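Worksheet: one structure, shown below.
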């Protein structure tokens, strides 16, 4: 597929009075047209800085950002403003104009580009229908719930028919049920209108819910990227593993420190494979983590097992699992 966003060797350094901070360190990433790409990392990793570089709200210190092959760095002010009409953005705290009602909030970006009032109101009505808030046209932001405010912000972002929608922690201020409904709306918009969506988040569950591509940022570096299924099934770096495991750990109950991670496929997740392995090897194991996630509508499960101290038995268990076509990955430093 064609890359609509190309990020090449992008760095961003913030210079303070007494120090400087390298927020981004040579980022290279392609985001394909029509994808929903999650950019994920812990707080302070640099992910929000990266997304703001995609529309030059933050100008990179060095490197290149290409949108549909056009270099944002080479654009003059007028050209950049025009390009930004095709790169919409929604934020964690909605950023609605409190003195304007819902309809007028959505009309605002249309007024800026010179659309007539009657046409802008017609477009606002269409967008409110898309986000399921037609009855709230005359309400003011203070009268809306958090989820409703974010729906208005999405409608406003779609006003100028953008090709790209950037979401900077757009669900972080919402409760889990509302988050799920907003993510479902974004997925529907992506499917129906073909808009490329980039989601900044620190939650793996958000990425697994709707993304098909993921990039993991750690201390300003892009440490891992690929399909969501690929990165979830085989996280290669410690940063990726920490996000996939969600930082969960269990206290040590066995003497052995050898741990493995098993990834179940849709065919194997319903089999009592661990129980059968314990019976076959006549030795218990310690389950440190057990989790099932929905990725692209398919159930995927994972377990982290602490194996017995006896090497022969541990090897026998690993071979037992591999013989049943399970993905088995040895972990280091999982238990203290």
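FYI, it's all coordinate maths here, none of it is from the lab. Just so it is clear, the model here is predicted, and its values are computed rather than measured. For neighbour counting, all protein chains shown are included, and Cβ atoms are generated from backbone atoms with ideal geometry for every residue, glycine included.
Given N residues in the stretch 1-109, what is Rg(Cα) / (2.2 N^0.38 Å)?
That works out to 1.20 for the stretch 1-109.
What number, in percent, do you get for the relative contact order of the chain if the mean sequence gap of Cα pairs under 8 Å and at least 6 apart is divided by its residue count?
Computed over the chain, the figure is 18 percent.
With r defined as the distance between the Cβ atoms of residue 97 and residue 177 and R0 fixed at 35 Å, what FRET efficiency is calculated, to the nearest 0.05?
0.85
For residue 64 and residue 137, FRET efficiency with R0 = 45 Å and r from the beta-carbon atoms, rounded to 0.05?
It comes out at approximately 0.60.
Determine the relative contact order of the stretch 34-173: mean sequence separation of Cα pairs under 8 Å and six or more apart, normalised by residue count, in whole percent.
Across the stretch 34-173, relative contact order equals 31 percent.
How large is the convex hull of the C-alpha atoms of the stretch 105-249 per residue, in Å³?
In the stretch 105-249, the Cα hull volume divided by residue count equals 134 Å³.
If you fit an axis through the alpha-carbon atoms of helix 176-193 and take the longest principal axis of the Cα set of the chain, what angle between them do you get, 0 to 90°, nearest 10?
Taking the Cα atoms of the chain, the angle to 176-193 is about 70 degrees.
How long is the gain from residue 328 to residue 118 if the chain were fully straight, where each residue apart is worth 0.36 nm and the alpha carbon distance is subtracted?
Full extension of this stretch gives 69.5 nm more.
So for the chain: antiparallel DSSP bridges make up what percent, rounded to the nearest 5?
70
Between residue 229 and residue 279, take the C-beta separation as r, use R0 = 35 Å, and let me know the FRET efficiency to the nearest 0.05.
0.65
Here are some values of mean projected area of the Cα convex hull in nm²: (1) 16.2; (2) 17.4; (3) 20.8. Which one was computed from this structure?
This structure yields the entry labelled (3).
Rank-order 84-97, 42-55, 137-150 by packing density, defined as the average count of other C-beta atoms within 10 Å over each peptide's residues, highest first.
Ranked from most to least packed, the peptides come out as 42-55, 84-97, 137-150.
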